[in-house]
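The values are calculated or read from the model by the stated rules, or taken from the named source; none is laboratory data. Note that the coordinates shown come from a computational prediction; the quantities given were computed from them, not determined experimentally. Here the Cβ is made from the backbone with ideal geometry for all residues, glycine too, and neighbour counts use every protein chain on show.
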Amino acid sequence: MQRLFISDLHLDSSTSPQFLRFAECLDLESSRVEEIYILGDLVEMWIGDDNDDPFATALVNAIKRANSQCAVFLMHGNRDFLFGEQFARHTGVRLLPEIHQPEPGLLLCHGDELCVDDTAYQKLRLQLRSSAWQSEFLARPLTERRAFGNDLRKRSMQENANKAESIMDANPQAIAQLIDKHEVKVLIHGHTHRPEFSLTDRQQRRVVLGAWERCGWLCRQQDQRFSLECFSLARRYGT
Ligand SMILES: [Mn+2]
């Protein structure tokens, strides 16, 4: 089984190097691998599937193209938890629950649920992920939703600037608990923007995907082999 895992691209325009490399990566890899998993924070902000600005349209088209070649799966992150059924229909992408096991022993999640030391964030997360809040929000006009999204982004940047680094990282006990509960051999997540490939003392593997900032990141699975790769965003993907 050949799979590709990416997360934390934080795309916000169809002309950024991140978006161009993403589209190229999908085009090339969709003909090489059987499944592509996007593990959250694909975009910087998603205000609803009814948003049809040029960026949203370009995003839909890029994923749709890939989906005609291989299966593409999408998990929500803390920036794009409003990807919904309409987006899934238009792109052909399959929406995943917060925790997903594509095969026994392999567990995927976005990773924000592991940052349990950030209690302020966890409280906000509960609110934003509730269906009551979401349906109320989606009923508002697009301009209002966009303004709210921008506000939330600004607030989170200010708040995070004042938080200790360790608070915003995944909590080791939360990781251990998740691994034990699901009898995980390989855990792949993103969110923390701290890419790493590590082994627990019981030889379980943990892959943390990197954010597409200075370079692009992906994890590649070839049967039982997993590798964490980074590549330049300055030139065409695969060259
Ligand atoms: Mn995140």
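Please verify whether Arg236 is closer than 29 Å to Leu26 by Cβ and touching a helix residue (DSSP H, G or I) at 6+ places or on another chain (Cβ under 8 Å), treating the condition exactly as stated. So Arg236 passes the test.
Inspect all residues belonging to the stretch 39-61 and state whether any of them is assigned to a helix (DSSP H, G or I), away from the ligand (no atom under 16 Å from the Cβ) and of a type in the set (D, E, K, R). So far as the stretch 39-61 goes, no, none of its residues is assigned to a helix (DSSP H, G or I), away from the ligand (no atom under 16 Å from the Cβ) and of a type in the set (D, E, K, R). Among the residues making up the stretch 196-227, those that are surrounded by 18 or more Cβ atoms within 10 Å (Cβ to Cβ) and in a loop (DSSP other than H, G, I, E, B) are Gln204, Leu209, Gly210, Ala211, Trp212. Within the stretch 62-87, the set of residues being outside any helix (DSSP H, G or I), out of contact with any Phe, Trp or Tyr (no Cβ under 6 Å at 6 or more places or on another chain) and among the charged types (D, E, K, R) comprises Arg79 only.
Restrict the check to the stretch 123-140 and report whether at least one residue is touching a Leu at 6+ places or on another chain (Cβ under 7 Å) and part of a loop (DSSP other than H, G, I, E, B). No. In this structure, does Trp217 turn out to be within 13 Å of the ligand (Cβ to nearest atom), aromatic (Phe, Trp, Tyr), closer than 19 Å to Leu9 by Cβ and at pLDDT 95 or above? No: the conditions fail for Trp217.
Conditions tested, residue by residue: (1) hydrophobic (A, V, I, L, M, F, W, C); (2) in contact with a Cys (Cβ under 8 Å, 6 or more places away or on another chain); (3) more than 28 Å from Phe226 (Cβ to Cβ).
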site: Gln127; (1), (2), (3): no, no, yes
site: Trp133; (1), (2), (3): yes, no, yes
site: Ala139; (1), (2), (3): yes, no, yes
site: Leu142; (1), (2), (3): yes, no, yes
site: Ala147; (1), (2), (3): yes, no, yes
site: Ala161; (1), (2), (3): yes, no, yes
site: Leu178; (1), (2), (3): yes, yes, no
site: Gly190; (1), (2), (3): no, no, no
site: Pro195; (1), (2), (3): no, yes, no
